[in-house]
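Read through the structure below, which is laid out as structure tokens, and then see the notes.
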Amino acid sequence: MMTSEQSQEFLERYKHLEAIELEKNQLIEDLLRRLSEVEGAYQREKLDRERETRFNRDIQIHEMELMEQISQVKNIMDREPFIIVLLNGDSIIFNETYLQQGEIGGRKAAQQLWDTLQDYIIENFSGTLQPKIMVRLYTNVKLLKELCEKAGIVDDPAQIDSFIEGFNTSKALFDIVNTGSDRDQADKKITEIFRLHLYNCHCHQILIGCSQGPECAQVLHEIQMTRELAGRISLIEGTPFEQDLEAIRSAYRVMRFQDLFRDSKITPAAGPWKAPVAQAPQPIPTPSPSVGLSVLTRTPTNTTTASSNTSAPAVSAIVAANAPKPKPTNEQTVLSKPTTATEIEVQQLKTIPRNRYGQRIDKFEFKNIPRDEINRIKKMKLCNSHFLLGGCSSDNCYHNHKYKLSKKEAHILQAIAHMTPCRFGSECDDLDCIYGHRCPYGQPGKKDCFYGSNCRFTAAQHGIDTNVVKLTKV
């Protein structure tokens with residue numbers, strides 16, 4: 001028979017087995033739970049791996065496409081490489097040996113410049129394969145011709161025209177551009193074209209020949225600290241650099257083409273230059289020999305192209321009627337020395353004062369005219385043509401023609417007419433033009449007046465030099 005001790009032992013053994021069974025079940029549950037977690041992590045990792053594989057494959061394909069696009073863009077960027085040469089004709093002047101040969105000299109100068117630039121490219125930019133060379137020289141052709149003639153470099157100003165023609169036709173990308181009488185145009189054009197090509201990938205180098213000019217110096221000063229941009233620029237020195245350019249020359253490559261360009265400006269020969277004097281022809285004997293005036297004739301010149309639109313004074317008509325027609329000449333004529341007050345007056349009426357740039361100069365001093373008088377005359381709505389030219393041709397003119405104008409009021413009306421810009425600007429050679437050829441409120445050397453952008457006169461009609469150096473006979 002089983003004793004109580006045995007029963008108790010069996011019970012303890014059962015409980016022990018039961019505890020082991022519970023622990024086993026817990027272990028199985030933990031293993032199953034962990035397996036589920038691992039399987040979930042595996043699936044996520046598998047998805048991530050597949051996603052990365054697809055992404056890498058797409059990236060590789062995209063990278064190959066980008067590399068192909070970069071190659072195409074690089075090929076486009078490498079096409080048509082060029083360097084541009086911007087020259088200011090005020091400081092970059094060809095040697096006289098070229099100027100004197102006319103068209104042939106222009107061709108020789110262009111070829112010599114091309115050869116010199118080719119050597120410079122090979123020496124400094126060997127990585128650039130056969131770049132095209134573009135040359136733009138900006139100058140006042142009219143002033144250049146006058147200076148060359150006065151200095152004795154050429155006998156005929158037409159040689160300069162032939163030189164320019166030879167230079168321009170020798171190379172497709174070589175041009176000498178006439179900037180007209182505005183002395184700042186060359187500097188402005190060079191600056192704007194420089195800015196246009198500075199970031200142009202096809203332009204591998206910009207060569208600037210500009211020994212003077214505030215705008216050019218300013219833009220070079222702005223970029224001198226940017227090494228990548230400064231390396232794209234070279235300076236050509238003709239005449240010595242002015243102070244503002246001399247201060248920054250160390251930041252750029254500087255070269256001199258001594259065999260090609262002058263190192264000094266053109267200066268007239270010793271002694272004052274005079275145009276050939278046109279001798280007054282002997283008047284034909286007439287019944288009225290008392291009219292003792294020197295004959296004033298209209299002679300075609302290089303600086304005048306238009307004729308007067310109104311009749312000349314009566315004394316001029318008498319002289320013209322008694323004098324034979326002079327032979328036309330291409331040279332500027334100088335009036336014979338007047339001997340009477342009448343001759344002096346007529347001679348002054350027959351000339352147009354101009355400065356050294358050939359710009360017409362209006363000598364009205366508006367400071368001496370009271371402002372209230374100007375306003376009073378303006379309110380009267382007087383006809384300029386009627387009172388200043390002697391007659392009005394308009395049938396529908398609504399301005400006043402009946403007012404009796406005093407001499408002082410006529411002077412003020414003439415000043416008021418000069419407040420209206422002449423459409424021909426400072427090049428106007430109409431002897432009887434009543435309109436303004438420079439801003440009456442401007443000052444020499446200043447490119448604006450107190451009216452600013454609202455001024456009726458253009459920028460070229462501001463800052464005009466008022467020193468008269470010649471009188472154009474019309």
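The values are calculated or read from the model by the stated rules, or taken from the named source; none is laboratory data. Quick caveat: nothing in here was measured; it's all calculated off a predicted structure. No Cβ is skipped: glycine too gets one built from the backbone with ideal geometry, and neighbour counts run over all protein chains shown.
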Tell me which residues, restricted to segment 413-426, are touching a residue at least 24 places away in the same chain (Cβ under 8 Å), crowded, with 17+ Cβ neighbours inside 10 Å and touching a strand residue (DSSP E or B) at 6+ places or on another chain (Cβ under 7 Å). Leu413, His418, Met419, Pro421, Ser426
Find the residue count for segment 339-391, including only residues that are more than 37 Å from the chain's Cα centre (by Cα), modelled with pLDDT under 80 and either closer than 16 Å to Leu431 by Cα or β-branched (Val, Ile, Thr) (or both). 7
Taking the stated definitions as given, is Asp175 in contact with a Phe, Trp or Tyr (Cβ under 9 Å, 6 or more places away or on another chain) and in a loop (DSSP other than H, G, I, E, B)? no
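Yes/no per residue for (1) within 21 Å of the chain's Cα centre (by Cα); (2) modelled with pLDDT of 90 or more; (3) among the acidic types (Asp, Glu):
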| residue | (1), (2), (3) |
| --- | --- |
| Leu144 | yes, yes, no |
| Val154 | no, no, no |
| Lys171 | no, yes, no |
| Phe174 | yes, yes, no |
| Asn178 | yes, yes, no |
| Glu192 | yes, yes, yes |
| His204 | no, no, no |
| Ser234 | yes, yes, no |
| Gln243 | no, no, no |
Would a scan of segment 135-147 turn up a residue that is under 26 Å from Glu215 (Cα atoms), β-branched (Val, Ile, Thr) and assigned to a helix (DSSP H, G or I)? yes
Looking at segment 198-250 only, could you name the residues that are charged (D, E, K, R), more than 20 Å from Ile122 (Cβ to Cβ) and surrounded by 14 or more Cβ atoms within 10 Å (Cβ to Cβ)? Glu215, Glu237, Glu242, Asp244, Arg249
Looking only at segment 180-219, and only at residues there that are part of a loop (DSSP other than H, G, I, E, B) and either assigned by TED's automatic domain parsing to the domain that holds Ile464 or of a type in the set (A, V, I, L, M, F, W, C) (or both), the one that is farthest from Arg253 (Cα to Cα): Cys201
Would you call Pro444 crowded, with 16+ Cβ neighbours inside 10 Å and modelled with pLDDT of 80 or more? no
Of the residues in segment 75-112, those that are part of a helix (DSSP H, G or I) and within 32 Å of the chain's Cα centre (by Cα) number 17
With respect to Asp430, determine if the residue is assigned to a loop (DSSP other than H, G, I, E, B), surrounded by 11 or more Cβ atoms within 10 Å (Cβ to Cβ) and in contact (Cβ under 8 Å) with a residue 24 or more places away in the chain. yes
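Condition check ((1) modelled with pLDDT under 80; (2) more than 19 Å from Gly180 (Cα to Cα)) across all residues:
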residue	(1), (2)
Ile434	no, yes
Cys439	no, no
Ser453	yes, yes
Phe457	no, no
Gln461	no, no
Asp465	no, no
Val468	no, no
Suppose we filter Gln111, Gln101, Gln159 for residues that are in contact with a Cys (Cβ under 9 Å, 6 or more places away or on another chain) and either polar (S, T, N, Q) or assigned by TED's automatic domain parsing to the domain that holds Ala460 (or both); which single one remains? Gln159
If you take the residues of segment 381-426 that are in contact with a His (Cβ under 7 Å, 6 or more places away or on another chain) and not in a helix (DSSP H, G or I), which of them is farthest from Phe457 (Cα to Cα)? His401
Applying the selection to segment 98-144, what residues are touching a Gly at 6+ places or on another chain (Cβ under 7 Å) and surrounded by fewer than 15 Cβ atoms within 10 Å (Cβ to Cβ)? Ile104
List the residue pairs whose Cβ atoms are under 9 Å apart, where the first residue sits in segment 392-412 and is at pLDDT 85 or above, the second is acidic (Asp, Glu), and the two are 6 or more positions apart or on different chains. Tyr403/Glu409; Lys408/Glu373; Glu409/Glu373; Ile412/Glu373
